[in-house]
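Before any comments, here is the structure.
Derivation of every value follows stated rules applied to the coordinates shown; laboratory data play no part. The model shown is predicted, which means the values in this text are computed figures rather than measured ones. Reconstructed Cβ throughout: ideal geometry from the backbone, glycine too, with neighbour counts over all protein chains shown.
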Amino acid sequence: AQKITQTQPGMFVQEKEAVTLDCTYDTSDPSYGLFWYKQPSSGEMIFLIYQGSYDQQNATEGRYSLNFQKARKSANLVISASQLGDSAMYFCAMREAFTGGGNKLTFGTGTQLKVEL
Amino acid sequence: DGGITQSPKYLFRKEGQNVTLSCEQNLNHDAMYWYRQDPGQGLRLIYYSQIVNDFQKGDIAEGYSVSREKKESFPLTVTSAQKNPTAFYLCASSPSGWNEQFFGPGTRLTVL
């Protein structure tokens, strides 16, 4: 079963509008972390925001906020006031423990966001 | 500046040849990782290392090998046994108890 699901392969948004990118996850571990990364066409992975499973408040970083609904197992990324430079691929990822110790990230398939004038 | 370097950015090889991708970090991180990304896909874990001289297989380790002789370095060898090696390869590192994984710029490997 997929552990991270991103159901929107592509999204369009107008400049200065807000956009929500969906992410649902599946885990039985009570301790986990959720991440969003941005990947522009150059290929680098840019960390945007992190939410821990025990965090009481939704994470925010500048124009990025994470709408964390634990009971629904969703961790949607909200980008406010979209800019042309926000056009990129966005990945949701979950940190989970390896059987032998340590942690790894499991990624979703991504959402391609295009910001239009 | 602290960070992760991967070289080269683009790599071309003939089918049947082994090729080694470089990954170096000066962040003093204990853990290092190799991921593979295919077009339109997310990242899949190939190998990871939590400490020097120790590494474990990830989800798609077949056809790949790694070494971790130094904390700063985690090279990945794509062997001739890898059936479809053309892909984008990303190296990452993280400190203990991490809330972020840091990525290198990636190497795009094309096997002709």
Verdict on B:Val19 being of a type outside the set (Gly, Ala, Ser), under 21 Å from B:Arg108 (Cβ atoms) and under 11 Å from the mean Cα position of the chain (by Cα): no
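Out of the residues in region B:21-45 that are within 10 Å of another protein chain (Cβ to nearest Cβ) and not in a strand (DSSP E or B), which is nearest to A:Cys92 (Cα to Cα)? Lay out the reasoning, then the answer.
Here is the first cut: in region B:21-45, the ones within 10 Å of another protein chain (Cβ to nearest Cβ) are B:30-31, B:33, B:35, B:37, B:40-45.
Those left that are additionally not in a strand (DSSP E or B): B:30, B:40-42.
Values: B:Asp30: 24, B:Gly40: 14, B:Gln41: 12, B:Gly42: 9 Å.
Checking each candidate, the answer is B:Gly42.
So is A:Thr20 within 13 Å of the chain's Cα centre (by Cα) and surrounded by fewer than 16 Cβ atoms within 10 Å (Cβ to Cβ) or not?
Numbers: within 13 Å of the chain's Cα centre (by Cα): yes; surrounded by fewer than 16 Cβ atoms within 10 Å (Cβ to Cβ): yes.
Criteria met by A:Thr20.
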Residue count for region A:67-117, restricted to those that are in a loop (DSSP other than H, G, I, E, B) and under 28 Å from B:Trp34 (Cβ atoms): 9
Residue selected from region B:61-102 under the condition farther than 14 Å from B:Asp30 by Cα and aromatic (Phe, Trp, Tyr), by the criterion farthest from the other protein chains (Cβ to nearest Cβ): B:Tyr64
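Filtering region A:75-117 down to residues that are among the aliphatic types (A, V, I, L, M) and under 17 Å from A:Thr27 (Cβ atoms), which residue is farthest from the chain's Cα centre (by Cα)? First the steps, then the outcome.
Our first condition is that a residue be among the aliphatic types (A, V, I, L, M); within region A:75-117, this holds for A:75, A:77-79, A:81, A:84, A:88-89, A:93-94, A:97, A:105, A:113, A:115, A:117.
The next check asks that each one be under 17 Å from A:Thr27 (Cβ atoms); those that pass are A:75, A:93-94, A:97, A:105.
Numbers: A:Ala75: 7, A:Ala93: 6, A:Met94: 9, A:Ala97: 19, A:Leu105: 12 Å.
Filtering first and then ranking leaves A:Ala97.
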Test: residue in region A:43-62 that is surrounded by fewer than 20 Cβ atoms within 10 Å (Cβ to Cβ), at positive phi and within 14 Å of chain B (Cβ to nearest Cβ): yes
